[in-house]
Amino acid sequence: MRTIYIDSDFKCHTTNDGAMKAVETDFFDGKSDSIVEGYRFVPFGESWTRSDGAVFYGEMVTPWKDYDELDDAQRQYEKQLLAEYAEALKVMGVTV
Amino acid sequence: MAIGRTNTGGGGVGGVLTVTAPAGVTVSVSKDGKVKTKTSNAEGLAVFKGLATGTWTLTITNGVQTSTKPVVITADYNTVIAFFSATINITYPVGSVCTCSNGSTTLTAPDTSGTWKCVVSNKGTWTVSCTNGTESKSETVSITTDGQNTSVELAYWDGQLYDAGDFTSITGGWINNVGSIEINSSELLLDGSGCGDAIVRAATRNKIKFDGYSKLSIIATNLDKEHNRNDGRHHLYVATTDKHTPTGYVQLKDTNKPYTLNVEEGASVYVGIETKNCPFGVSKIWMHN
């Protein structure tokens, strides 16, 4: 479970600027901060109106950035994590 | 419908048959090659005298419809006969040719406007069909009662993924990670019962292209709210890379109402449903705008 913050447009953030609402969710477990920042989280009981006027009701989690861009960011994040794990294991004398 | 007069007494050889029918129609009785014909009067009456005992075939026609029934003459007899009529209100894709057939009679819509009030003259199963030359759709209607008024709506594929059956040519079928999945004409059922804390998901085998669509909706039939064995986790989701790793979802709370997920128009994604330790039954999943 992770705490993220949503602004008035339901866009997600990893830090609170003081005007955001805190939300607990497991959707972003294992996800990079750049993934979080590319999503909207609409809580249950609230609604978000898309630019074309379509209304969507929560609980809904949906990206507002391009899927491919978010995927690339996550792949880079996971590669970095693997590299860090490998380095840590190397320090412990474990060869990967 | 008026009740025919009983013709009492009377002289002459043979029975008197008094027929009550729609006014102004041709009424005929036939037996053993002998045919007698009259036109019903303004009150709908036609009287046949001197009919030998036995079974006569009574027929009425107005040049468009025909109705027939057997009549057993043993003495003076009155009977009522009418044309059967039922209406099928048909909506079909504009520009398509629409027909309605019971196997022996085929009716064709007078135009391709997309609406047709089709009047049928017989009970039974009628097949309503439409085609635009490349696509076609049919549905059957059961007509049982004179005066019956029923509706049929025909549509070619328009974004459905599951709707009283899987659109396998689009979805490629569904695959679950754990639990069980059952797909029939009643529902798509993902059952996570007995899977503990595992998140149970089922997704389309194919990626679905949201060409011209930007919404994905679902209607559930079973959220197992009665048992409330899970934490309320019933999701409709989309996934971009791994079909069982959601990249967006909407949560369902109640059955028999639509829940809608925003999807980027033009996106190509797997579509899935998710539950936890209980059944999740679905009646419809579809793309739309």
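The values are calculated or read from the model by the stated rules, or taken from the named source; none is laboratory data. Predicted model only: the values in this text are computed from it and were never measured. Ideal geometry is used to build each Cβ from the backbone, glycine not excepted, and the neighbour counts take in all protein chains shown. Protein only, heavy atoms only, side chains kept; ligands, DNA and RNA dropped before computing areas. Shrake-Rupley method; radii C 1.70, N 1.55, O 1.52, S 1.80 Å.
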Candidate set: region B:239-276, residues that are of a type outside the set (G, A, S), open to solvent by less than 40 Å² (accessible area, probe 1.4 Å) and part of a loop (DSSP other than H, G, I, E, B); chosen: the one nearest to the other protein chains (Cβ to nearest Cβ): B:T240
List the number of the failed condition for A:Y39; all other conditions in (1) facing chain B (nearest Cβ under 10 Å); (2) at pLDDT below 95 hold. (2)
Checking A:S34 against (1) among the hydroxyl-bearing types (S, T, Y); (2) open to solvent by less than 60 Å² (accessible area, probe 1.4 Å); (3) out of contact with any Leu (no Cβ under 9 Å at 6 or more places or on another chain): exactly one of these is not met. Which one? (3)
Expected single match for at pLDDT 90 or above and more than 24 Å from B:S85 (Cβ to Cβ) among B:A46, B:A52 is B:A52
Restricting to region B:55-66, and then to whatever is modelled with pLDDT of 90 or more and assigned to a strand (DSSP E or B), can you tell me which residue is most open to solvent (accessible area, probe 1.4 Å)? B:T55
Residues (among the aliphatic types (A, V, I, L, M), in a strand (DSSP E or B) and at pLDDT 90 or above) located in region B:75-105: B:A86, B:I88, B:I90, B:V97
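From the set of residues in region A:9-26 that are assigned to a loop (DSSP other than H, G, I, E, B) and among the aliphatic types (A, V, I, L, M), which is farthest from A:E46 (Cα to Cα)?
A:A19
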In the set A:Y5, A:Y85, the lone residue that is of a type in the set (S, T, Y), assigned to a helix (DSSP H, G or I) and more than 13 Å from chain B (Cβ to nearest Cβ) is A:Y85
For a quick check of your reading: which strands (runs of 3 or more DSSP E) sit entirely within region B:128-220 and have at least 3 residues that are under 23 Å from the mean Cα position of the chain (by Cα) and surrounded by fewer than 15 Cβ atoms within 10 Å (Cβ to Cβ)? B:136-143, B:149-153
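Please verify whether region B:215-227 includes one or more residues that are under 22 Å from A:G38 (Cα atoms), within 13 Å of chain A (Cβ to nearest Cβ) and in contact with a strand residue (DSSP E or B) (Cβ under 8 Å, 6 or more places away or on another chain).
For region B:215-227, residues under 22 Å from A:G38 (Cα atoms), within 13 Å of chain A (Cβ to nearest Cβ) and in contact with a strand residue (DSSP E or B) (Cβ under 8 Å, 6 or more places away or on another chain): present.
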Counting only residues that are open to solvent by less than 30 Å² (accessible area, probe 1.4 Å) and either at positive phi or more than 9 Å from chain B (Cβ to nearest Cβ) (or both), how many does region A:43-72 have? 1
Of all residues in region B:67-100 being within 30 Å of B:L154 (Cβ to Cβ) and surrounded by fewer than 13 Cβ atoms within 10 Å (Cβ to Cβ), the one that is farthest from the chain's Cα centre (by Cα): B:G95
Members of region A:14-29 that are open to solvent by less than 60 Å² (accessible area, probe 1.4 Å) and more than 10 Å from every other protein chain (Cβ to nearest Cβ): A:T14, A:M20, A:V23, A:T25, A:F28
